[in-house]
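None of the figures in this text is laboratory data; all of them are computed from the coordinates on show. Please read all numbers here as calculations on a predicted model, not as lab measurements. Methodologically, a virtual Cβ is constructed for each residue, glycine included, from the backbone with ideal geometry; neighbour enumeration extends over all protein chains shown.
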Number of protein chains: 2
Amino acid sequence: MSPKVIDETTLHAREEEIMQTALEIISELGVAGLTIDKVVARLPYSKGTIYNHFTCKEDLLTGLCNRSVENVAALFERAITYDGSSREKMLAVGYAYMLHSQLNPTEFMLVISAKTPSVREKSTEKRQEEHLELENRLLGGLLKVISSGLASGELNLLPHLSPAQVAFSLWSMSFGTIALLHESLDRCSVRVEMQLERELINHSNILLDGLNWQPFTQDHNWQETIERFKKELFADEVQQLRAQSAPT
Amino acid sequence: MSPKVIDETTLHAREEEIMQTALEIISELGVAGLTIDKVVARLPYSKGTIYNHFTCKEDLLTGLCNRSVENVAALFERAITYDGSSREKMLAVGYAYMLHSQLNPTEFMLVISAKTPSVREKSTEKRQEEHLELENRLLGGLLKVISSGLASGELNLLPHLSPAQVAFSLWSMSFGTIALLHESLDRCSVRVEMQLERELINHSNILLDGLNWQPFTQDHNWQETIERFKKELFADEVQQLRAQSAPT
DNA sequence: TTATTAAGTGACGATGCGTCACTAAAAAAT
DNA sequence: ATTTTTTAGTGACGCATCGTCACTTAATAA
């Protein structure tokens, strides 16, 4: 059964297989329901083999988290190709983040879980570094748009505000909005009235206005821009989302 | 040892005692390190008694979370007593939130953990309702300030934006900023350059400008306002924070 | 004094984690 | 062709933790 040396490709494929199975378990039973024994039960590998890939449950979680961030980064990179103003591109990135969180609710929650110290501390050094690299890739996308906004004069940087700070403000706003309106978190009385897409666009517009990034909210038809996002950038994702909420 | 009927006050006191012990364990060992057995070991009560108060570990976590939200609410209520403009009061609330997160990092993380479905699902109905009530109390404070801003004309509500939406935008922005810059989360290369107090004030100002809430950032000395917060509202808390970071 | 009943106890079965002594089989050495 | 080496893979095991439940304790009622 076991050759002396295993193919690098096979190794990676199996790692993927393990993560996929873990993700399915989490979707069904929640993060707390994830058990190495359950993963083993669903796969033709033994516990020892699983532990050859991941040092512990937490390491597996971080692996899943990274896989998710990788997908987000790819979406961001698509978002910034939007044919429009720099502010529209910025909005596209936020919209991409939201789409991702809706299409992969389990994975979005995972990113929060994986940042928890108890999870992080136990993860491999290697996987933690990988995580930082991925986050930088995310921010790289944002910084590109900010530079182009500055270059075109559409964004007038406020005094004492660096491009990194602008990127961070958009990130944290999007993160907070999505996290608090996330379907798997509970809803308080205010939250039930809130709809993720609408609020995220609102918050983005408020923030971008406050950042002095033109065209301002009242000077542009943003609903039209969103429609174009749906058609030109994220047709597949929007389709999937419809399929997800409509059926049965 | 055991009377037939136990005093309501004693009961509550013991509940507090259990939560306090749990919090200490979490501070030392992280959320994952919390174990009912460890709680039992540190207290003169048996496991069965603990389980008379909390149905499971998760219920205990939610209890801790609620205790924390209660403290935040009290801080908020103090914040809105600030003698100044409505925008200053709004900033005071955000500042209070931040202070709380710095003074009680463990508890701030707990609120995130406790919102996780795996924790929430297992908690008592009673404690979940309690949680919703507490969150409403939080938002109540924000809504009060928003009304006064509207009444005084300092806040000009943008079209299609309700007071609740304004409150939510501030909440989610603060939450996102604090969560991403939280000391117990890991830092990516951008995050290391970011300082919580400075960024939170920046983000608040950007958002409040974008919301069209006067006086605008450039028309007021906000640093001075912050200094007054520290002296007039949160002298104790600032003192504690200094004591916490300085010693050793 | 006895009966009742709420409060408290801790041993126990069940589950999950991560390890390690062992097996299997490919490649290398003879 | 046979033996040796080496690496991948296995799963039973020891340990920790969870939540339960049959039982004890002691205050109140009868």
How far is B:GLY84 from the same spot in each other copy, in nm, shortest first, if each label point sits 7 Å from Cα toward Cβ? 3.7
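Report, as an integer, the average count of C-beta atoms from other chains found within 10 Å of each Cβ along A:163-171. Show your work: numbers first, answer last.
Details: counts 0, 5, 8, 2, 1, 11, 9, 3, 5.
What the average comes to for A:163-171 is 5.
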Based only on other Cβ atoms within 10 Å, what is the fewest-to-most ordering of A:GLU232, B:GLU8? B:GLU8, A:GLU232
Considering only the label points, 7 Å along Cα→Cβ from Cα, what distances in nm to one decimal separate A:VAL5 from the same position in each other copy, shortest first? 8.0
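Work out which helices of chain B, taken as complete DSSP H runs, extend at least 27 Å along their axis over the Cα atoms and score a mean Kyte-Doolittle of 1.0 or more, then list them. It would help to have the intermediate numbers written out before the result.
Working: long enough: B:8-29 (31 Å, -0.21); B:57-79 (33 Å, -0.07); B:125-152 (41 Å, -0.39).
Long hydrophobic helices here: none detected.
Explain nothing, just the number: dipole magnitude of chain B about its Cα centre with +1 on each Lys and Arg Cβ and -1 on each Asp and Glu Cβ, in debye rounded to the nearest 20. Don't skip to the end; give the middle numbers.
On the way: 24 positive and 34 negative charges, 68 e Å.
Rounded to the nearest 20 debye, it is 320 debye.
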Could you list log10 I(q)/I(0) for segment A:1-53 at q = 0.16 Å⁻¹, which the Debye formula gives when each Cα is one point scatterer? -0.48
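What are the semi-axes of the equivalent ellipsoid of chain B, taken as the square roots of 5 times the eigenvalues of the Cα gyration tensor, listed largest first and rounded to whole Å? Working shown, then result.
Numbers: eigenvalues 269, 83, 57 Å².
After scaling each eigenvalue by five and taking roots: 37, 20, 17 Å.
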In nm to one decimal, list the spacings between the A:GLN239 label point and its equivalents in the other copies, with label points set 7 Å along Cα to Cβ, shortest first. 6.5
Mean shadow area (nm²) of the C-alpha convex hull around segment B:106-182 is 6.6
Work out the charge dipole of segment B:1-53 with +1 on the Cβ of Lys and Arg and -1 on the Cβ of Asp and Glu about the Cα centre, then indicate which of B:LEU23, B:LEU34, B:HIS12 is farthest towards its positive end. B:LEU34
Measuring from label point to label point, each 7 Å out along Cα→Cβ, what is the B:ARG78 to A:ALA246 span in nm? 5.4
Restricting to DSSP H runs of at least four residues, report the calculated mean residue ellipticity at 222 nm for chain A, -39500 (n - 2.57) per run over all residues, nearest 500 deg cm²/dmol. -22500 deg cm²/dmol
Hey, how many Å between the Cα centroid of segment A:77-109 and the Cα centroid of segment B:4-38? 43
Got a sec? How would A:PHE216, A:PHE229 order by Cβ neighbour count within 10 Å, fewest to most? A:PHE216, A:PHE229
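Can you pull the percent of Cα pairs in the protein assembly as shown with separation above 43 Å? Could the numbers behind the result be given before it?
Values: 22457 of 122760 pairs.
Here the tail beyond 43 Å accounts for 18 percent of pairs.
What is the order of A:LYS47, A:LYS115, fewest Cβ neighbours within 10 Å to most? Please report the intermediate quantities before stating the final value.
Values: A:LYS47 12, A:LYS115 20.
Lowest count first: A:LYS47, A:LYS115.
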